[in-house]
Structure formats: structure tokens, C-alpha cells
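Accompanying notes for the structure given below.
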Amino acid sequence: MAKKNDDFFLEKKPWSVVKDEILGCYFKPYVSKILHTYKPLVYVDCFAGKGKFEDGNRGSPLIALEIIDQCRASTTMQQAQINATFIDLNYADDLRRNLGSYPWVKIVSGKYEDNIKTILRGKENCNIFLYIDPYGIKALQCSLFDEFAQGHFNSIELLINLNSFGFIREACHALGTTFDDTTLFADLVEYEPTRMDASEKSISELNEIAGGDYWKPIIVAYKKGEIDGYDAEALFAEKYCMRLRKSYKYVLNMPLRIKKGQRPKYRLIHATNHRDGCLLMVDNICNRWEALQEIQSGGQMQLWAENFDNQAVDEDDIEEKTILHFSQYNCLTSLHDALAMFFMNYGPICSTGYVKKILKGLEEDKRLLVLRNPDYTSRGKKTAFMTEGKGQKISVRWIR
């Protein structure tokens, strides 16, 4: 077993700040929306840690529980059904102390992969949210993710923190080569790095993590010098998301970095079979990007608007992509279905509202047919809404 980093919980590092920022900002609108399904919510933090860092900063457990409290306080629903479970192999006692003001939560001492099936047993028709921020890559068994998708839940969402460069590093070891750029890991603090060797056992474990052996040609190409380490990581992340899409229709890949202009070293993966969860995550990323830039740049002013991937926002490019995508819809299609697939193709490059604004212009130019139900208000005025839900439906079809 790899050596654990005993100083990991002394202070909250920038990586943890970025990841928890995204979790917190998504989880609040998610809980508010999911309560209106009138189905129980089951939240599981699969690698909860201590719940709190020794410098006083909140960990993911306290962030999630405070959001649950806020949503319960603001909802008009009586007795909203929410249960929360926190799993950790090494720090269950610390969790109990730090979560002492939440006596209703369940704390499980043990491994996520040994306990998650039991936790989800009997939760049919519930809304499931799994936060999976593993200490190493070994616990990310793709077969488990497949199994979750087959559960008879009302909905399920996974938010996975994937140490993609950690996978590339160990895949190199397993195929008898080394990953040259050791400086890449200098500011990525790992609690329990996974260590592989050149053996069939390691290859089998990597296949289980990846959900296949598609990673092998990537490492071979890197070994031959045909691609560099950054290309290898990007290819692996792309194919990993494609693999997840065998079980989850909507998979968002969000590269994370903590320094301006730095290559991504980590991937946050959001997987769900529900389009509205996908669209909610897109807007969460875009709405909170300013806060994430503040973390990255140390508060320095940004001269150009940028997206989640530190790329300059090109309005013409987004419009071109919108036209290219929606021009494929020759039959009437739900607007939200088409929007979700747009972000599957291009990533969260802008907010859903920005794309809707472009579509509104295309409607006015009579290039896009937009059918709304209801098509008139109670006062007889023609409707112009661009959001589905709450008795509103929109279908779109390309005209020319």
C-alpha cells in the first residue's frame, strides 16, 4: 500500500478549495430542485476524510450538511426526506467529532467499494447523489459506476474527482515506461498515491479503473514519443468520459487547475442520466467561474473573459458551434434535450442562457422554428419563454 500523507488534513490546499467550491455551488440548487420531486434524497460522501481541516476550514461533509440545512429551512415542503452517509476508512472517529451537531447522519468506517452497495440497497425510487473524491485511483472501479446506473433510482448523479495524470503516471509504470514530467505533481498534494508496477495484476487493476483497455494505445503512443504527457492525459480523459457514457447519457468533463495558464492536472467528472442535472451543472460552472479564477489568479485582474478551461471566450465561435449543432435537428426536438447534447459535444463553454440568447436571434431570423406550449399567456399574449419546466415545454427544429 502507498504511503499516506499524514499532513494532508493540516490545512486546506488550493486543490481542495477548487473542488469544494464546485461541489457547494452545485449542490445547493440541486437539493432545492430535487426536493420538488417529492422523493427522498440520499447523499453519500464516499471519501469524507475528517470533515474539517485542522486550520478550521470546512471539508466536503460540513459544506454539504450546511447546504442541506439551508434548503430545509427555505423549502415549503413539510418533512423533506434527506439522509446523508459519510464513508471513511481512516478517520471515522474524527468525522463523528466534527459532525457532532448532525446526529441524524450515518458515518461508516471502512472502504467505499466495500460498503456502497449496502448503503444503496433498498433506496429504489430515491434521488441518489454520490460525491466521489478518492485518495487514490484504485477505488474508481468503473464496473461499480455501471452498476449504479442500473439501479431503480428516481435519479442518480455522480460527481467524481479524477486524478487523470495519476492514472497516466501509473499506466506508464504498468507498461514498463516512466512519466518524464515529475514536476507536474509538485503542487498536487496526494493523500494516498496509487502505485503500480509492470505486472499483469497492475494492468488488470487499471482496466478495472478505466472500464476497458483503451488506455493502452495512449501509453504506447506516449512511449514512442508520438504524443506528450499532456496529450496523453487529454486523450485518456476524453475516452474515459466516452466509456462512462455507456451507462450515463450526460457526462461533463471539467479540467481543473489552480494556477493561471497552467495545464489541467485534475478532472472533475459529472455523470447523470437526467438532462436537467447536466444543464444545472453547466450553469454552476459558468456562474462560479469568476470565483474559481479568483483562486487561480490570487485576486489579480483578468483582461479577457475566459471559460472553464482558461480559454478566451470567443463569442463568434460559440455562435458558430450553436448553429452547427442545432442545424442537425430536422425534426421537432425538446429544447433542453438539444441543449444537453450541445454541452456534451463542446463542454461547459458558456452558460445555457448564452446559447438560448443565440437561439432567440435565430428564431427571429426565421432560421429556427420554436414551438412553445402554452403558446399564449392567460391574457392572450404570445409566449416567448426559453426554459422548459413548470408547465412549459419547448420544441425546436432547424428551418434552413
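Each reported figure results from applying straightforward, stated rules to the coordinates on display, with no laboratory input. Predicted model, so just to flag it, every value in this text is computed and none were measured. Positions of Cβ are backbone-derived with ideal geometry, glycine not excepted, and every protein chain shown enters the neighbour counts.
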Let me know the number of lysine pairs in segment 315-398 closer than 24 Å at the Cα, not counting same-chain pairs under 8 apart. 26
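Go ahead and run the numbers for FRET between Val220 and Glu54, Cβ-Cβ distance against an R0 of 41 Å, rounding to 0.05. It would help to have the intermediate numbers written out before the result.
Values: r = 44 Å, r/R0 = 1.06.
With R0 = 41 Å, the Cβ-Cβ based efficiency is 0.40.
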Relative to the Cα centre, what is the charge dipole magnitude of the chain, using +1 at the beta carbon of each Lys and Arg, -1 at the beta carbon of each Asp and Glu, and rounding to the nearest 20 debye? 1500
Between Gly211 and residues 5 or more places away or on another chain, which pairs have amide H atoms under 5 Å apart, with H built 1.01 Å from N, and which residues are they? Cys142
Spelling out what I want: for every residue of segment 59-72, take phi, set θ = phi - 60°, compute 6.51 cos²θ - 1.76 cosθ + 1.60 (Karplus), and round to whole Hz; glycine and proline get x. x, 4, x, 5, 4, 5, 5, 5, 5, 4, 4, 4, 5, 5
Report the calculated FRET efficiency for Ile323 and Asn83 (r = Cβ-Cβ distance, R0 = 56 Å), to the nearest 0.05. 0.80
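Would you kindly state how much longer the chain becomes between Asp375 and Asn287 on full extension, computed as 0.36 nm times their sequence separation minus their alpha carbon distance, in nm to one decimal?
28.7 nm
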Anchor Lys28: lysines whose Cα lies under 18 Å away (excluding residues fewer than 8 positions away in-chain): Lys19, Lys39
Among 130-143, 382-395, 205-218, the order from most to least packed when residues are scored by Cβ within 10 Å on average: 130-143, 205-218, 382-395
From the square roots a ≥ b ≥ c of the eigenvalues of the alpha-carbon gyration tensor of segment 84-161, which class results: rounded (a/c under 1.5), prolate (a/b over b/c), or oblate? oblate
Which of the lysines could a cross-linker bridge to Lys201, judged by Cα under 18 Å and excluding same-chain residues fewer than eight apart? Lys138, Lys216
Global geometry of the chain, whether rounded, prolate or oblate, following the gyration tensor of its Cα atoms and the 1.5 cut on a/c: oblate
Note down the relative contact order for segment 315-398 as a percent, whole number, built from C-alpha pairs under 8 angstrom at least six residues apart. 42
